[in-house]
Amino acid sequence: MMLAKRMEQIKESPIVKIADRVREMEAGGEKIIRLETGEPHFATPAVAKVAVQKALEDNLTHYSHSRGLYELRKMICDKYNREFGAVLEANKNILITPGAKQAIFYAILSVVEKRDEAIILTPGWVSYEEMVKLADGIPVYAVANKDKNFEINCDIIKKKITPRTKVIFLNSPNNPTGRIVSQESLKKIMDICIKKDILLIADEIYNELIFKDNSCQSILSVNPKLTNCILINGFSKTYAMTGWRLGYALARANFIDAMLKLQQNSVTCPATFTQYGAMAVLQKGSSFIKRSLKIYQENKDILVKELGKIDRFRIIEPKGGLYVFIDISKVNKDSRAFSLELLEKCEISVVPGMVFGKGGEGFIRICLATDKKNIIEFVKRLRKFY
Ligand code: PLP
């Protein structure tokens, strides 16, 4: 039996593939310092676990509303409405999904048609491209300038717009570069989208993880009515809830209704009991964010300081997010070969920059969400071997 033609165009997620390989090595007894996966190393906040245990005891184990639990939708809308003077309605403007990834997939399937173009800023998150291809669209890459530390700049995006542009992705703070779009550029990008009738998919999954002396604005700050915009966020990164698979999309009702059809006919709804955990962290999780951010900040500061002393490596200092992007091109221009060597020689797993698309080659990404001792050991082994 032949596979569908579309499968020839889709790659496996390279990061998930690396992580799976490292898990297999660990199962075989090898001790690897794991800096590849984009997930907080902390346990999920206790309040979430308690809420889920109670939900299970109360037998809240059946399907929920296909949009997600009303109370959770309302809590999220209220939060954004309070902060940005928006008027998001729980019954119209939000869809709770099994992970932000699923919300992005629904958004793309809802708007992208054959040969529509979708602009992706690179280096950037790996799944946008594959999802666009699955919708028969064409990914178009706007490459950030490495000599300007990959700053997210409206002009490089603008240059890529054609009459076929349907979607622009904006991920700020960016995975993997840690760059944050300025309020001014955010407004410019949004204005262009509205003027040219392009949909902006604003992926704000890292927007609560901002380092000292930086700030990050939500798209709602320049577009409270979400004209031509789908805002994506979730619980994975902020609350160390990656395995819970909970995310959401905020948008105008016509987009949410389209995405809802995809949800109803694929997964029906997100898992019901996990949504009680999400409500608990929204109510009581702010101290968890502060505590984890403090650790990420410390790890980032160690890397900036220590790698700053080794001139073969250049670190792009992140302004937010979970990652550090390191220029390794003076040692090896081939990031995949370098990463493999690092795994073999140093027993450290990282992600080669080339997986993040154009502009990423010659870099590696490491995740800051780990014990400080792993970061220190990473620097020590880099020094020793290179
Ligand atoms: N968006 C970006 C930029 C990401 O880096 C990730 C995960 O790595 C996601 C979305 C997906 O998040 P979730 O775990 O909620 O599906």
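The values are calculated or read from the model by the stated rules, or taken from the named source; none is laboratory data. All values derive from a computational prediction rather than experimental measurement. No Cβ is skipped: glycine too gets one built from the backbone with ideal geometry, and neighbour counts run over all protein chains shown.
A few points about this structure:
- Just one of (1) assigned to a loop (DSSP other than H, G, I, E, B); (2) in contact (Cβ under 8 Å) with a residue 24 or more places away in the chain fails for residue 332. It is (2).
- Considering the conditions (1) more than 13 Å from the ligand (Cβ to nearest atom); (2) under 30 Å from residue 377 (Cβ atoms); (3) not in a helix (DSSP H, G or I), residue 118 is excluded by exactly one of them, (2).
- Restricting attention to segment 142-187 and to residues that are more than 16 Å from the ligand (Cβ to nearest atom) and among the hydroxyl-bearing types (Ser, Thr, Tyr), the residue that is nearest to the chain's Cα centre (by Cα) turns out to be 182.
- Condition broken by residue 52, with the remaining ones in (1) closer than 28 Å to residue 281 by Cβ; (2) hydrophobic (A, V, I, L, M, F, W, C); (3) buried (at least 19 other Cβ atoms within 10 Å of the Cβ); (4) within 16 Å of the ligand (Cβ to nearest atom) satisfied: (4)
- Hits in segment 84-127 (condition: within 29 Å of residue 272 (Cβ to Cβ) and basic (Lys, Arg)): 92, 101
- Unique residue being assigned to a loop (DSSP other than H, G, I, E, B) and among the β-branched types (Val, Ile, Thr) when the list is 161, 157: 161
- All positions within segment 225-234 that are part of a loop (DSSP other than H, G, I, E, B) and either free of Cβ contacts under 8 Å to residues at least 40 places away in the same chain or touching a Gly at 6+ places or on another chain (Cβ under 6 Å) (or both): 227, 228
- If you go through segment 188-217 and pick out every residue that is aliphatic (A, V, I, L, M), within 16 Å of the ligand (Cβ to nearest atom) and outside any strand (DSSP E or B), you end up with 2.
- Pick from segment 68-115, criterion within 16 Å of the ligand (Cβ to nearest atom) and part of a loop (DSSP other than H, G, I, E, B), ranking: farthest from the chain's Cα centre (by Cα): 68
- Residue 225 satisfies every condition listed in (1) more than 11 Å from the ligand (Cβ to nearest atom); (2) in contact with a strand residue (DSSP E or B) (Cβ under 6 Å, 6 or more places away or on another chain); (3) closer than 20 Å to residue 78 by Cβ except (2).
- Identity of the residue in segment 244-297, aliphatic (A, V, I, L, M), outside any helix (DSSP H, G or I) and more than 20 Å from the chain's Cα centre (by Cα), that ends up nearest to residue 63 (Cα to Cα): 271
- Summed over segment 127-154, residues that are closer than 21 Å to residue 10 by Cα and either among the small types (Gly, Ala, Ser) or not in a strand (DSSP E or B) (or both) total 12.
- Contacts under 7 angstrom Cβ, first residue in segment 56-79 being more than 21 Å from residue 103 (Cα to Cα), partner of a type in the set (Phe, Trp, Tyr), 6 or more apart: 56/273; 60/273; 60/276; 61/273
- Cross-chain or 6+ apart pairs with Cβ under 8 Å, segment 368-386 first and of a type in the set (Ser, Thr, Tyr), then in a helix (DSSP H, G or I) and surrounded by 12 or more Cβ atoms within 10 Å (Cβ to Cβ): 370/299
- Restricting segment 282-318 to residues that are β-branched (Val, Ile, Thr) and free of Cβ contacts under 8 Å to residues at least 24 places away in the same chain leaves a set whose member that is surrounded by the fewest Cβ atoms within 10 Å (Cβ to Cβ) is 304.
- Evaluated against (1) closer than 24 Å to residue 143 by Cβ; (2) in contact with an Asp or Glu (Cβ under 9 Å, 6 or more places away or on another chain); (3) assigned to a helix (DSSP H, G or I), residue 381 falls short on exactly one condition, (1).
- Hey, residue 258 more than 11 Å from the ligand (Cβ to nearest atom), under 17 Å from residue 101 (Cβ atoms) and surrounded by fewer than 24 Cβ atoms within 10 Å (Cβ to Cβ) or not: no
- If only residues of segment 85-123 that are under 22 Å from residue 179 (Cβ atoms) and out of contact with any strand residue (DSSP E or B) (no Cβ under 6 Å at 6 or more places or on another chain) are counted, the one that is surrounded by the fewest Cβ atoms within 10 Å (Cβ to Cβ) is 101.
- Hits in segment 24-40 - residues which are part of a loop (DSSP other than H, G, I, E, B) and farther than 20 Å from residue 326 by Cα: 28, 29, 30, 31
- Pick from segment 300-329, criterion in a helix (DSSP H, G or I) and among the aliphatic types (A, V, I, L, M), ranking: modelled with the lowest pLDDT: 307
- Flag if residue 239 is closer than 21 Å to residue 372 by Cα, within 16 Å of the ligand (Cβ to nearest atom), at pLDDT 95 or above and part of a helix (DSSP H, G or I): no
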